[in-house]
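For reference, the structure discussed in these notes is given below.
The values are calculated or read from the model by the stated rules, or taken from the named source; none is laboratory data. In this text the structure is predicted, and so the values were computed from the model without any measurement. Because the Cβ atoms are built from the backbone with ideal geometry, glycine has one as well, and the counts that use them run over all protein chains shown.
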Amino acid sequence: MAEDSETEEKAKVRTEWAADRTIMANERTFSAWMGTGLGAVGVAIGLKAVFGAFEPTWAAKMVASLFLLIAILIYWSARTQARKTLMRLKEKDAEPMPVRNFTLLATVMTIATLATGAILWSL
């Protein structure tokens, strides 16, 4: 009986570690998606640079704006998925980043992306 109890305890510890690793992987994935969104912003800025003299200018700006919209969708999709993952997990040793931090980062990135769009349209 003591051997079964010890085996169960070891299995419990391994499960807790797996949950902790999942929390950290969730945060890394969120960060990667934020980077992907910033890549879309970079494409929008690059399009403005490449097609600066393009006529009609509204067409180049519209395509750049599409990439900015894609970036915003990526930010909020990442936030939603990170939140879903955290809601399914119970942390043991690792302390996950609070959902409000995911929301705050997605909000700030959205504001910065919209400001980038405003600047691109004013050029």
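Applying the condition of being of a type in the set (S, T, N, Q) and out of contact with any Pro (no Cβ under 8 Å at 6 or more places or on another chain) to the range 13-38 and asking which residue is surrounded by the most Cβ atoms within 10 Å (Cβ to Cβ) yields THR22. Against the test of being within 30 Å of MET97 (Cα to Cα) and either at pLDDT below 95 or among the aromatic types (Phe, Trp, Tyr) (or both), the options GLU16, GLU55, GLU6 yield a single qualifying residue, GLU16.
With respect to SER31, is the statement that it is assigned to a helix (DSSP H, G or I) and in contact with a helix residue (DSSP H, G or I) (Cβ under 8 Å, 6 or more places away or on another chain) true? In short, no. With respect to the conditions (1) over 16 Å from LEU120 (Cβ atoms); (2) without any contact (Cβ under 8 Å) to a residue 24 or more places away in the chain; (3) not hydrophobic (A, V, I, L, M, F, W, C), GLY42 lacks only one, and its number is (1). A count restricted to the range 74-94 and to residues that are basic (Lys, Arg), in a helix (DSSP H, G or I) and more than 12 Å from MET34 (Cβ to Cβ) stands at 3.
Number of residues in the range 95-111 that are part of a helix (DSSP H, G or I) and surrounded by fewer than 16 Cβ atoms within 10 Å (Cβ to Cβ): the value is 8. Here is the figure for the range 21-50: residues that are aliphatic (A, V, I, L, M), within 14 Å of the chain's Cα centre (by Cα) and under 26 Å from VAL63 (Cα atoms) total 5.
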